[in-house]
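Take a look at the structure set out below.
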Amino acid sequence: MCGICGFAGFQDEGLLRRMTELLRHRGPDSEGFHLGAAAYLGMRRLSIIDLSGGSQPIYSEDGKVAVVCNGEIYNFASLRQELEAKGHAFKTDSDTEVIVHLYEEEGEGFPQRLEGMFACAVADERSGRLLLARDPVGIKPLYHCAAPGGGILFASEMKSLLQAPFVRREIDPAALDAYLRYLYVPEPLAIFKGISKLPAGHVLVREPGRDLRVRKYWELKKLSKVPGAGPEREEALSALLGATVKSHLMSDVPLGVFLSGGLDSGAVTALMARAGARIRTFSIGFADAAERSYNELGLAALVADRFGAAHTEIEVSPDAADLIPKIAWHFDEPHADSSAVVTWLICREAAKSIKVALTGIGGDEVFGGYPRYMGARAAGLYRGLPLALRQAAAGAAARLPETGASRDWLNWAKRFARGGAQDEFGCYDSWTRAADRGLLDGLYSKDMKASLNEDATEAQRRAFYLEAGSEDVVDRAQYLDFKTYLPGDLLMMADKMSMASSLELRVPLCDRKLAEFMYSLPPEERVGAGSLKSLLRRVLRPILPPQVLAARKQGFMIPLPLWLKGRWLPWARELLSPQTVKRRGWFDPAAVARLLDEHVSSHHGRADLIWALMMLEAWQRVYIDEFKPI
């Protein structure tokens, strides 16, 4: 695990060193550089595999191919055997070295052979080629932008690119609009104009005298053959889960697991124990009595005790004024998934005793864990009613006040009625948004509204929804989340919040073979009649406590609606003061003040959108007003 950066098309060692230094938190153990004609490469290393011999860059036998990699390659041992049989000589025991020799064998097609999480750069001094690759699911991030004269810069974090004097910190209104709707900036957009994220499962190739090429090398598709129904299918999933988690235990340093008390992290813990790992579990909750309904500490302790884990409980009452600027700095871009707060806190605590932790992130997208998947199926039946009746129901729902509690049944009913007046994609998309177009238009300033043209983000999301390779609404919904919400929100959050504390976070439930297997099954194996994660529950029934299997889905949440009416309200009013809002120019100050007042008075539940505005202002203070590390 590390941070990587570099460029091609020009030479500037001072710039490379400044870019690399800003990634120190991702790799405090060592640094390395390659200064070649094809590319300049830099890296900071967090030592996990081959502690003494795995320093990067790593080179081919003749020194003509250099590679830096952020991540872990879980199938490196089998790949190494194959490559050694073909005559390649290895100098280290590092997983990264297989990339060099695999590239020599297979060229730019090598990433499709890798199983793991990675963002890597290959500099080929023979041909002058620079190749960038990102793992299939998007676990590790990679930003890039153009340089004068046809050059290119890249880095694990956007802040590193901003060291170049020609990279402008100019906000892209389209990216800002997408952020406020979905609470993150979706790839390939980045918040600054001219910067992009390399999409998951893609390679980027720069060669002298040729146009830049970005190509997809992996797609989530249904397998042509899957095991039969019933016990055979359960056995196949159990074996695949066990092998996947076992592969993620590869490490020369101690491991832990983040245990929320839910099904996914419980599954990871159970399978780690079955693989013979010594388990250290970490759980987080809230100290105030009014906030304890958001805790899952009791269930987490039950799982930890079942598997003999060394268990750590963390109870928090976070201070927003201290926390928010640090989170904003490490995210690079505005990011408003409020679970980042507890992710930051648990990573900070765990990093005191371990360097690697496993988590259950991705289980909902892979196994079918969101209630909206059942809602999508019900909405298909609802759309059989006359349009006029559905529109009337949507209008009535819009006039009802929201409670501010995202899990309240009335809010779900309101969202269902509003979405049911739209087409299939529009309905599902409306359930994944923090704000619709009408609400945002009421918030935006005249200049902001004038800067928005065609909605490319919605067009991209609609394309994903329709290219799912299935007519089933659950397949389509899961595919959309797998391509957007998982890499853009959850995995980006996991990477940035863990690496801020120099902690490697692994996500075994995001393994691509596991995703392919589950996506290939009939949708009812994921979302059954009244049951989410149907197949996974059957597989886990013999090994997890029944209380965990029966528990209502909660999620890794904070009591945000409560905090924005109480302990964090003064900080919210300071960040979103009319003077500040007017100075930024993106929003109407009166509309923002009204939004906050409505939330406080409980007429409307707008906690997510208010949090997004707060995080945007906090981010602007550290990236626009004064760009310096926090």
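The values are calculated or read from the model by the stated rules, or taken from the named source; none is laboratory data. Values in this document were obtained by computation on a predicted structure and should not be read as measured data. Positions of Cβ are backbone-derived with ideal geometry, glycine not excepted, and every protein chain shown enters the neighbour counts.
Against the definition (touching a helix residue (DSSP H, G or I) at 6+ places or on another chain (Cβ under 6 Å) and at positive phi), how does Lys533 come out, yes or no? Taking the combined requirement at face value, the residue satisfies it. Could you check region 8-28 and list, in sequence order, the residues that are among the acidic types (Asp, Glu) and in a helix (DSSP H, G or I)? Answer for region 8-28, where residues must be among the acidic types (Asp, Glu) and in a helix (DSSP H, G or I): Glu13, Glu21.
Of all residues in region 519-548, how many are part of a helix (DSSP H, G or I) and loosely packed, with under 15 Cβ neighbours inside 10 Å?
Step one: of region 519-548, the residues part of a helix (DSSP H, G or I) are 519-520, 523-525, 534-540, 546-548.
Now narrow it down to the ones that are loosely packed, with under 15 Cβ neighbours inside 10 Å: 546-547.
Residues in region 519-548 being part of a helix (DSSP H, G or I) and loosely packed, with under 15 Cβ neighbours inside 10 Å: 2 in total.
Show the residue pairs that are 6+ apart or on different chains and have beta-carbon atoms under 6 Å apart, the first residue being within region 151-164 and touching a residue at least 12 places away in the same chain (Cβ under 8 Å) and of a type in the set (Gly, Ala, Ser), the second being part of a helix (DSSP H, G or I) and crowded, with 24+ Cβ neighbours inside 10 Å. Going by the 6 Å Cβ cut-off, the qualifying pairs are Ala155/Leu161; Ser160/Met19.
Of the residues making up region 466-501, those that are under 19 Å from the mean Cα position of the chain (by Cα) and part of a helix (DSSP H, G or I) number 22.
Applying the condition of being in contact (Cβ under 8 Å) with a residue 40 or more places away in the chain and small (Gly, Ala, Ser) to region 574-630 and asking which residue is nearest to Leu439 (Cα to Cα) yields Ala591.
Conditions (1) of a type in the set (Asp, Glu); (2) surrounded by fewer than 16 Cβ atoms within 10 Å (Cβ to Cβ); (3) closer than 19 Å to Ala500 by Cα, marked per residue:
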| site | (1), (2), (3) |
| --- | --- |
| Leu271 | no, no, no |
| Ala310 | no, yes, no |
| Ile327 | no, no, yes |
| Trp344 | no, no, yes |
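Restricting attention to region 346-356, the residues that are surrounded by 24 or more Cβ atoms within 10 Å (Cβ to Cβ) and more than 19 Å from Ile558 (Cβ to Cβ) add up to 1.
Scanning region 131-172 for residues that are in contact with a strand residue (DSSP E or B) (Cβ under 8 Å, 6 or more places away or on another chain), among the charged types (D, E, K, R) and surrounded by fewer than 24 Cβ atoms within 10 Å (Cβ to Cβ) yields Arg168, Arg169, Glu170, Asp172. Note on region 139-255: enclosed helices (runs of 4 or more DSSP H) holding 3 or more residues that are over 30 Å from Ala270 (Cβ atoms) are 158-161, 173-182. Within region 11-51, restricting attention to residues that are at pLDDT below 90 and small (Gly, Ala, Ser), the residue that is surrounded by the most Cβ atoms within 10 Å (Cβ to Cβ) is Ser47. Within the option set Ser251, Ser238, Ser265, being under 21 Å from the mean Cα position of the chain (by Cα), within 22 Å of Phe307 (Cα to Cα) and hydroxyl-bearing (Ser, Thr, Tyr) holds for one residue only, Ser265.
Quick check on His88: is it surrounded by fewer than 22 Cβ atoms within 10 Å (Cβ to Cβ) and either over 27 Å from the mean Cα position of the chain (by Cα) or in contact (Cβ under 8 Å) with a residue 24 or more places away in the chain (or both)? Yes; evaluated as a whole, the condition is true for this residue.
Considering region 352-410, the qualifying helices (runs of 4 or more DSSP H), each wholly inside and each with 2 or more residues that are touching a Lys or Arg at 6+ places or on another chain (Cβ under 8 Å), modelled with pLDDT of 95 or more and of a type outside the set (Lys, Arg), run over 363-367.
Listed here are the residues, each with its yes/no results for (1) more than 19 Å from Leu486 (Cβ to Cβ); (2) aromatic (Phe, Trp, Tyr).
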{"site": "Tyr103", "(1), (2)": "yes, yes"}
{"site": "Gly116", "(1), (2)": "no, no"}
{"site": "Ala123", "(1), (2)": "yes, no"}
{"site": "Gly128", "(1), (2)": "yes, no"}
{"site": "Leu132", "(1), (2)": "yes, no"}
{"site": "Ala155", "(1), (2)": "yes, no"}
{"site": "Leu183", "(1), (2)": "no, no"}
{"site": "Ile195", "(1), (2)": "yes, no"}
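State which residue is surrounded by the most Cβ atoms within 10 Å (Cβ to Cβ) when the search covers only region 437-465 and only residues that are in a helix (DSSP H, G or I) and among the small types (Gly, Ala, Ser). Spell out the reasoning first.
Step one: list which residues in region 437-465 are in a helix (DSSP H, G or I), which gives 437-443, 446-451, 456-465.
Retained after the next criterion (residues that are among the small types (Gly, Ala, Ser)): 438, 442, 450-451, 456, 459, 463.
On the way: Gly438: 8, Gly442: 13, Ala450: 10, Ser451: 16, Ala456: 12, Ala459: 10, Ala463: 12.
Among those that are in a helix (DSSP H, G or I) and among the small types (Gly, Ala, Ser), it is Ser451.
Scanning region 317-339 for residues that are modelled with pLDDT under 95 and among the small types (Gly, Ala, Ser), we see that the one that is farthest from Val257 (Cα to Cα) is Ala321.
Return the pair list, or none, for Cβ contacts closer than 9 Å from residues in region 549-565 that are over 15 Å from Gly262 (Cβ atoms) and modelled with pLDDT of 75 or more to residues that are of a type in the set (Asp, Glu) and outside any helix (DSSP H, G or I), at least 6 apart or on different chains. Pairs found: Pro559/Asp288; Leu562/Asp288. When you check Asp423 against the structure, is it over 24 Å from Gly138 (Cα atoms), within 23 Å of the chain's Cα centre (by Cα), among the acidic types (Asp, Glu) and surrounded by fewer than 21 Cβ atoms within 10 Å (Cβ to Cβ), yes or no? For Asp423, the condition - over 24 Å from Gly138 (Cα atoms), within 23 Å of the chain's Cα centre (by Cα), among the acidic types (Asp, Glu) and surrounded by fewer than 21 Cβ atoms within 10 Å (Cβ to Cβ) - is not met.
Identify, from the list Ala8, Ala77, the residue that is over 26 Å from the mean Cα position of the chain (by Cα) and surrounded by 20 or more Cβ atoms within 10 Å (Cβ to Cβ). After ruling out the rest, the residue left standing is Ala8.
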